[in-house]
1. Could you list, in sequence order, all residues of the range 39-53 that are in a loop (DSSP other than H, G, I, E, B) and closer than 15 Å to residue 3 by Cα?
2. Of 54, 49, which residue is surrounded by 16 or more Cβ atoms within 10 Å (Cβ to Cβ), under 14 Å from the mean Cα position of the chain (by Cα) and either farther than 17 Å from residue 124 by Cβ or touching a residue at least 60 places away in the same chain (Cβ under 8 Å) (or both)?
3. For residue 97, all conditions in the list (1) in contact (Cβ under 8 Å) with a residue 24 or more places away in the chain; (2) closer than 20 Å to residue 6 by Cα; (3) surrounded by 12 or more Cβ atoms within 10 Å (Cβ to Cβ); (4) in contact with a strand residue (DSSP E or B) (Cβ under 7 Å, 6 or more places away or on another chain) hold save one; what is the number of the exception?
4. Does residue 138 satisfy the criteria of being modelled with pLDDT under 95 and outside any loop (DSSP other than H, G, I, E, B)?
5. Please determine, by comparing only the residues of the range 70-90 that are outside any loop (DSSP other than H, G, I, E, B) and in contact (Cβ under 8 Å) with a residue 60 or more places away in the chain, which one is farthest from residue 145 (Cα to Cα).
6. Taking the criterion of being at pLDDT 95 or above and either part of a strand (DSSP E or B) or within 27 Å of residue 55 (Cα to Cα) (or both), would at least one residue in the range 91-103 satisfy it?
7. Mind listing whichever residues of the range 1-24 are in a loop (DSSP other than H, G, I, E, B) and surrounded by fewer than 17 Cβ atoms within 10 Å (Cβ to Cβ)?
């Protein structure tokens, strides 16, 4: 399971010209689910994300969590995080989970992050053609992979 986390002052997702979700200060989480991901990957990832201290304190140090700043989450499914560009110029997505496997894990991720953080989690729509807008704060962008826990 891979995520790209962006600290934002605002973010939104639009589908077919209609606003689906939007947040103010918080974290935009792009989520890629791999074929061998399990509930254990979700639990580890959500535990890390909900406690990340990447918001600035009064001294400008990244020392505050999303709960400390009363922030929000926007989670967007992003299978392209598992792109392989080793051969040729067209990415391969063979390691990305197929929808029948990924959708239940995506939905579990949303619930787990909400339970773990105690905060409402907004989302896009799995498999939809989404337009994501964001104002990156910092910029702060963090990449995590549940297969690289150490």
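1. 52 - this is the single residue of the range 39-53 that is in a loop (DSSP other than H, G, I, E, B) and closer than 15 Å to residue 3 by Cα.
2. 49
3. (2)
4. It is true that residue 138 is modelled with pLDDT under 95 and outside any loop (DSSP other than H, G, I, E, B).
5. Result: 74.
6. no
7. 16, 17, 24
The values are calculated or read from the model by the stated rules, or taken from the named source; none is laboratory data. Given the structure is predicted, the values throughout are model-derived calculations rather than measurements. Here the Cβ is made from the backbone with ideal geometry for all residues, glycine too, and neighbour counts use every protein chain on show.
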